[in-house]
Amino acid sequence: MNAKSTPADPAPLSPSPLEVDSLVKRFGSVMAVDGISLALHSGECLGLLGPNGAGKSTLIRSIVGRVTPDAGHVAVFGHEASSAAAREALGWVPQELALYPRLTCKENLTAFGQYQGLSSSQIGQSVAWCLEWAALQDRETDLARALSGGMKRRLNMAAGIIHRPKVVLMDEPTVGVDPQSRNRIFEMIEALRAEGTSIIYTTHYMEEAERLCDRVAIIDHGHIVALGTNAELVHNSFGSRSQVLARFEGPDERVAPWVAEHSGRLVDSMAEFTIEHPTEVAALLVSATAAGLELVDLSLRRPNLESVFLHLTGRELRD
């Protein structure tokens, strides 16, 4: 009689491309990162949004080893962030341009390939791929200092991924570029994603997060205050409610008490309210008229990611 076969144990799940566990970083009395935990999914683009000083760049620099955290743990595909395996799998595109102005595009990429320990044949292949990816093939012999701002940004991105990493951290890669260059950078990021690269993307532009990111983490005062897809964040903050935006004649000091009385907020002289039913707009207008306020502009809209950000942080993204 044959022995009864037993089902094989399921294969273990592969570790996440990037895991951050309870990361803490202080600068003197300032708590820059306060116990942040997150996991980057395979092939996704995870956006980091936060006002200036929220802790985004400190988090990124802690992950890539430029800042030593006071507590917590970072792993790349299960490897300690400081290990050779993690460094090989991880790429970083810093906010500041990190290029040699007196070297050509090709020479810059070759130098960064050497820093990453690539062989001569690997460097040749990677440089060719990066120049094409960044649409700089016809500029390979131009000095970096002679490039336009957008081209420098694209070369900076290529230098950060010369070793073709599987996880890439991008810290505001579109700062200071024109709309045409920004669109080209979007195409570069989408090309990386098509190859299965996992990306963490920090930005000060809400429309970039909405276009590029599968999930968004909103950071404020060193904490993640919300994490999810765009739709999840909107639903969790507003449910099925809509937003009413109203602008009134007169100084903010005159309008603010009435706005507060009706559970609204005043942002850049614009009164913002959330309502369950459109019919509530009429009651607001009647009350405003009774209070002697003259309406200048009115709109009704569904909340979006920017609405969520204001709701959770009380600040504009660029504040």
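Structural remarks
- Filter pass, ARG184 being among the basic types (Lys, Arg) and over 23 Å from LEU233 (Cβ atoms): yes
- Test result for VAL308, in contact (Cβ under 8 Å) with a residue 60 or more places away in the chain and outside any strand (DSSP E or B): yes
- Entry remark, the stretch 144-181: residues being out of contact with any Leu (no Cβ under 7 Å at 6 or more places or on another chain) and either within 20 Å of THR110 (Cα to Cα) or among the small types (Gly, Ala, Ser) (or both) number 13 in total.
- Test: residue in the stretch 18-34 that is surrounded by fewer than 16 Cβ atoms within 10 Å (Cβ to Cβ), at pLDDT below 90 and under 25 Å from GLY160 (Cα atoms): no
- Filtered residue count, the stretch 228-265, keeping only those that are closer than 27 Å to ALA209 by Cβ, aliphatic (A, V, I, L, M) and surrounded by 16 or more Cβ atoms within 10 Å (Cβ to Cβ): 5
Yes or no, residue by residue, for (1) over 18 Å from the mean Cα position of the chain (by Cα); (2) at pLDDT 95 or above:
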{"residue": "LEU90", "(1), (2)": "no, yes"}
{"residue": "PRO94", "(1), (2)": "no, no"}
{"residue": "LEU99", "(1), (2)": "yes, yes"}
{"residue": "GLN122", "(1), (2)": "yes, yes"}
{"residue": "GLY176", "(1), (2)": "no, no"}
{"residue": "GLU195", "(1), (2)": "yes, no"}
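- When the stretch 281-296 is filtered for residues that are more than 16 Å from GLY264 (Cα to Cα) and of a type outside the set (Gly, Ala, Ser), the ones remaining, listed by number, are THR289, GLU294, VAL296.
- Scanning the stretch 114-144 for residues that are under 12 Å from ALA158 (Cβ atoms) and assigned to a loop (DSSP other than H, G, I, E, B) yields ALA134, ALA135, LEU136, GLU140.
- Extreme residue, surrounded by the most Cβ atoms within 10 Å (Cβ to Cβ), among residues of the stretch 267-285 that are over 27 Å from TYR205 (Cα atoms) and not β-branched (Val, Ile, Thr): LEU284
- Within the stretch 57-69, residues that are without any contact (Cβ under 8 Å) to a residue 60 or more places away in the chain and on the phi < 0 side of the Ramachandran plot have Cβ atoms under 6 Å from residues that are of a type in the set (Gly, Ala, Ser) and in a helix (DSSP H, G or I) in these pairs: PRO69/SER62, counting only partners at least 6 apart in sequence or on another chain.
- Flag for SER42 being free of Cβ contacts under 8 Å to residues at least 12 places away in the same chain and surrounded by fewer than 16 Cβ atoms within 10 Å (Cβ to Cβ): no
- Complete set of residues in the stretch 194-213 that are closer than 17 Å to HIS41 by Cα and surrounded by fewer than 17 Cβ atoms within 10 Å (Cβ to Cβ): ALA194, GLU195, GLY196
- Scanning the stretch 286-313 for residues that are touching a strand residue (DSSP E or B) at 6+ places or on another chain (Cβ under 9 Å) and exposed (fewer than 15 other Cβ atoms within 10 Å of the Cβ) yields THR289, GLU294, LEU295, VAL296, ASP297, SER299, LEU300, ARG301, ARG302.
The values are calculated or read from the model by the stated rules, or taken from the named source; none is laboratory data. Quick caveat, the model's predicted, so the values are computed rather than measured. Note that each Cβ is placed from the backbone with ideal geometry, even for glycine, and that neighbours are counted across all protein chains shown.
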